[in-house]
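The values are calculated or read from the model by the stated rules, or taken from the named source; none is laboratory data. Small disclaimer: the values here were computed from a predicted structure and weren't measured. Using ideal geometry, Cβ is built from the backbone for each residue, glycine included, and neighbour counts are taken over all protein chains shown. What goes into the accessible areas is simple: the full protein's heavy atoms, side chains included, and nothing from ligands, DNA or RNA. Shrake-Rupley method; radii C 1.70, N 1.55, O 1.52, S 1.80 Å.
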Amino acid sequence: MELVCERQNLFAALKRVRDNGGSPGSDGMTTDELPGFLRVHWPRLREDLLAGRYQPQPVRRVLIPKPGGGERALGIPTVLDRFIQQALLQVLQPRFDPTFSDASYGFRPGRRAHDAIRRAQAYVQEGRRFVVDVDLEKFFDRVNHDVLMGRLAKRIADRRVLGLIRRYLDAGVLRLSSRADGVVIERHEGTPQGGPLSPLLANVLLDEVDRELERRGHAFVRYADDLNVYVRSRRAGERVMASLRRLYAGLKLHVNEAKSRVARATERKFLGFSFWVAPGRVVKRRVAPEALKRMKETVRAITRRCRAAQALEARPGRLPRARRPRHARPRRPARRCQCAPMVAQRGDGAPSRASQRALRPAWRPQACRLTSTPRTARCGPACRVVWQGTRS
């Protein structure tokens, strides 16, 4: 805990929280107000943390729509608790991350979702054309606190840190934006998806399944709670799926049977991408059709004209002037040019009547001199053409 409360670690945590921004928690404090609050109250808060007495505040519950339908519950901690969690994360992450499986890519420094996609693509290219696609049912809402704390106790010796993490897990959920108007609901399972510490806790819990898959020699990729195991036959995939159900049941987690399946790798998507076999049996990746469809719908919603009209109505001081009807607009004066269009010439060398009307200088102050020159036509014999203008 002394490392968590070090001055340099705290300054780095404060900068990270302010850079991330985010909405206020249950107390309404913003990230801009946090530095002033810490200047006044940090000595007391530091003493409570070192003594193991600090009590986190309830998280604010927010529902956001999911791409496939339904809603996902987010727990937004207060700005102060996000600051303390970030300081705690900066101490624990360097100790835990080297111990995680190499096939785990979610919420780890120096690793991205694109790295996980490339690794999965390599497995399919090797001939593992079937995938065991496992989706956990409401993972962040179903994490068992006792199971998670048992895994943490094997890695953390400081009881004050364990007690603080347990209090963060047990912190209640406030349904509304203020304590006076809302109801605080006790929580006995789940981690608040929205706090800096939740991704690390998820990796600590799921690392046990990763280690068991490595021990059995399976080729797999995991990103947070999304797990894909690549096998060479459907029968092998069914056996792996059955063993994964037992492994997750030991962690008090449930497999979402509606979204989990054993299928060909080209028929499933992973992190918004899918695979296809190009000529020469080369496996390539592309954006999944579902993700592409959502992107197009988002672009249409952003660029449709009614949104522009709504934005203008919201700013009445900058509305453009009403456009006049087309018949009420004044006619633009004809542009004067130096050269009239080319006109034909009669056989006797004089301009034709149509040419004379075209050359009539009613719209010009002075008529220009007629000049003729031989010009080869595209079709037929060469003829002489006449234009109006001056020689350069």
Within segment 247-265, does at least one residue satisfy the condition of being open to solvent by 50 Å² or more (accessible area, probe 1.4 Å) and touching a Ser or Thr at 6+ places or on another chain (Cβ under 9 Å)? no
Criterion violated by Arg46 - all others in (1) surrounded by 12 or more Cβ atoms within 10 Å (Cβ to Cβ); (2) modelled with pLDDT of 90 or more; (3) closer than 30 Å to Glu208 by Cβ satisfied: (3)
When (1) open to solvent by 80 Å² or more (accessible area, probe 1.4 Å); (2) in contact with a Leu (Cβ under 9 Å, 6 or more places away or on another chain); (3) not in a strand (DSSP E or B) are applied to Arg286, the one that fails is (3)
Residue in segment 19-30 that is touching a Ser or Thr at 6+ places or on another chain (Cβ under 7 Å), under 30 Å from Ala291 (Cα atoms) and open to solvent by less than 30 Å² (accessible area, probe 1.4 Å) present: yes
Of those in segment 156-172 that are open to solvent by 20 Å² or more (accessible area, probe 1.4 Å) and within 33 Å of the chain's Cα centre (by Cα), the residue modelled with the lowest pLDDT is Asp170
Residues located in segment 1-17, provided they are free of Cβ contacts under 8 Å to residues at least 40 places away in the same chain, of a type outside the set (Phe, Trp, Tyr) and farther than 22 Å from Gly75 by Cα: Glu6, Arg7, Gln8
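Residue-by-condition table, conditions (1) at pLDDT below 90; (2) not in a loop (DSSP other than H, G, I, E, B):
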| site | (1), (2) |
| --- | --- |
| Leu50 | no, yes |
| Pro56 | no, no |
| Val62 | yes, yes |
| Asp81 | no, yes |
| Ala87 | no, yes |
| Val91 | no, yes |
| Asp102 | no, no |
| His114 | no, yes |
| Arg128 | no, no |
From the set of residues in segment 1-18 that are within 18 Å of Ala51 (Cα to Cα) and aliphatic (A, V, I, L, M), which is surrounded by the most Cβ atoms within 10 Å (Cβ to Cβ)? Val4
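Of all the residues that make up segment 130-151, how many are of a type in the set (D, E, K, R), over 19 Å from Gly195 (Cβ atoms) and either part of a helix (DSSP H, G or I) or open to solvent by less than 60 Å² (accessible area, probe 1.4 Å) (or both)? Show your work before the answer.
Here is the first cut: in segment 130-151, the ones of a type in the set (D, E, K, R) are 133, 135, 137-138, 141-142, 146, 151.
Next, from what is left, pick out any that are over 19 Å from Gly195 (Cβ atoms): 133, 135, 137, 146.
If we keep only those that are either part of a helix (DSSP H, G or I) or open to solvent by less than 60 Å² (accessible area, probe 1.4 Å) (or both) too, we end up with 133, 135, 146.
Of the residues in segment 130-151, 3 are of a type in the set (D, E, K, R), over 19 Å from Gly195 (Cβ atoms) and either part of a helix (DSSP H, G or I) or open to solvent by less than 60 Å² (accessible area, probe 1.4 Å) (or both).
Per-residue answers, yes or no, for (1) at pLDDT 90 or above; (2) more than 29 Å from the chain's Cα centre (by Cα); (3) not β-branched (Val, Ile, Thr):
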site	(1), (2), (3)
Leu201	yes, no, yes
Glu212	yes, yes, yes
Val221	yes, no, no
Ala278	yes, no, yes
Thr298	no, no, no
Ala301	no, no, yes
Arg307	no, no, yes
Any residue in segment 18-40 that is at positive phi sitting within a Cβ distance under 9 Å of a residue that is open to solvent by less than 40 Å² (accessible area, probe 1.4 Å)? List the pairs, counting only those 6 or more apart or interchain. Gly21/Thr31; Gly22/Thr31; Gly22/Ile76; Gly22/Val79; Gly22/Arg82; Gly28/Thr78; Gly28/Ser178
